[in-house]
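The block underneath contains the structure these notes are about, expressed in structure tokens.
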């Protein structure tokens, strides 16, 4: 889950749209976690190292 931007390329399409192929970067991980009250919730992390 890299956050490097150095070699990302912006592509301008014929209709004026611009896009960037992220190549798996800038992703988030959603994890089900059990709280102190026993209830399950969803947490979102920017890195796998957090859990």
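Only the coordinates and a few stated rules stand behind these numbers; no lab work does. None of these values were measured; they are calculated from a predicted model. Here the Cβ positions follow ideal geometry from the backbone for every residue, glycine too, while neighbour counts run over all protein chains shown.
What to note about this one:
- Kirkwood hydrodynamic radius of the chain, from inverse mean 1/r over distinct Cα pairs, in Å: 13.8
- Inter-site label distance for residue 5 and residue 27 at 7 Å from Cα along Cβ, in nm: 2.1
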